[in-house]
């Protein structure tokens, strides 16, 4: 039964770590631009002249 308590505590630490990483990435602005990646292929400026 004590192994179950250790696993629950360990899973809580992992969940808190992932939550902290998510909050950090949101504050750094990694999820700000949702529109540009979907149209990036249309804005490609390479010349394809023969």
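Between the helical axis of 2-28 and the longest alpha-carbon principal axis of the chain there is an angle of about 30 degrees.
For residue 43 and residue 23, a Förster radius of 35 Å and the Cβ-Cβ distance give a FRET efficiency of 0.65, rounded to the nearest 0.05. For the chain, the Cα-based Rg and Dmax, in that order, read 21.5, 72 Å.
Where a number appears in this text, it was derived from the coordinates with a stated rule and is not lab data. Everything numeric here is computed off the predicted structure, so don't read it as measured data. Using ideal geometry, Cβ is built from the backbone for each residue, glycine included, and neighbour counts are taken over all protein chains shown.
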